[in-house]
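The values are calculated or read from the model by the stated rules, or taken from the named source; none is laboratory data. Model, not experiment: these values are computed from the prediction. Cβ placement follows ideal geometry from the backbone for every residue including glycine, while neighbour counts extend to all protein chains displayed.
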Amino acid sequence: MLYSLIHDNQLLLGPIKYNYQLINFDLEELEIPQRLTSQSYNQVPIQFDEKTFLLPAREDVEPHDPRYKKLQSPTWSIVKDENDIPMEVVFAYAAVDRDLEEIKAERKSLVAPERWNKENTIVTVTLSDENITVSTSRENRLSLISKLLSNDGPYNFKFDSGLWLEITKVDLQTIITAIDTKVQEVFDWELAKLQEIDACTTIDDVYAVEIVPLRTPPITLL
């Protein structure tokens, strides 16, 4: 339930959720002696004096597809009964077309998070005839580079699978190179997606650019 405070046919508050402290502040500013309690919402609509009312508020939102349209700031009107007593405040939200560049910016903002997801994966590297998997996370890359710079090795190294191998400095460089190749691949993907979005000339073209692949849920066999 939403509420509005009006005075002299002017909107002072609303639409707001019931907040008697906020409303009481405005009543005090208007030098109105009445005060609300936490339970006063049960009495709405409330008339404080000839000009001041706390009324239920209703939002009238134009149906729209948010991919193509957005809502403007509302216009408001006071609904009165047959005795010209205010009973309700209606807030009308009209939908207007969204701008192509605005939608491009919105879609482009999704690219970097997906690149980050792609960046944090694993790569497979063959060392000493063993296929090992290595995390491509930034923390792991920094750890490997630090070890590469620390001394000449060899190193006893435990990989993600729990496998221990003695690796050389050359092996470390091979791992780091594999990680860097994967990371550069996803950064190239990010740039390509941004360029693809920039090249779009219609809103439908923008939405047709695949950023996050659709993931088909697994089929459950009964």
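See the values below:
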item	result
Selection from region 105-123 of residues that are in contact with an Asp or Glu (Cβ under 7 Å, 6 or more places away or on another chain) and buried (at least 17 other Cβ atoms within 10 Å of the Cβ)	V111, R115
Residue list for region 1-30, filter: part of a strand (DSSP E or B), surrounded by 15 or more Cβ atoms within 10 Å (Cβ to Cβ) and out of contact with any Asp or Glu (no Cβ under 9 Å at 6 or more places or on another chain)	Y3, I6, L11, G14
Strands (runs of 3 or more DSSP E) contained entirely in region 31-85, each with at least 3 residues that are touching a Leu at 6+ places or on another chain (Cβ under 9 Å)	52-61, 75-80
Output for region 152-169, where each listed residue is farther than 15 Å from T124 by Cα and surrounded by 11 or more Cβ atoms within 10 Å (Cβ to Cβ)	G153, P154, Y155, F157, E166, I167, T168, K169
V96 vs. criteria closer than 30 Å to C200 by Cβ and in a strand (DSSP E or B)	yes
Residue list for region 189-222, restricted to those being polar (S, T, N, Q), at pLDDT 95 or above and outside any helix (DSSP H, G or I)	T201, T202
Every pair of residues 6+ apart whose Cβ atoms lie under 9 Å, when the first sits in region 69-98 and is closer than 24 Å to T52 by Cα and in the same structural domain as L54 (by TED's automatic domain parsing) while the second is assigned to a strand (DSSP E or B) and among the basic types (K, R)	V79/R58; P86/K80; M87/K80; E88/R58; E88/K80; V89/R58; V90/R58; F91/R58
Residue check, E50 free of Cβ contacts under 8 Å to residues at least 12 places away in the same chain, surrounded by fewer than 16 Cβ atoms within 10 Å (Cβ to Cβ), under 14 Å from Q10 (Cα atoms) and not aliphatic (A, V, I, L, M)	yes
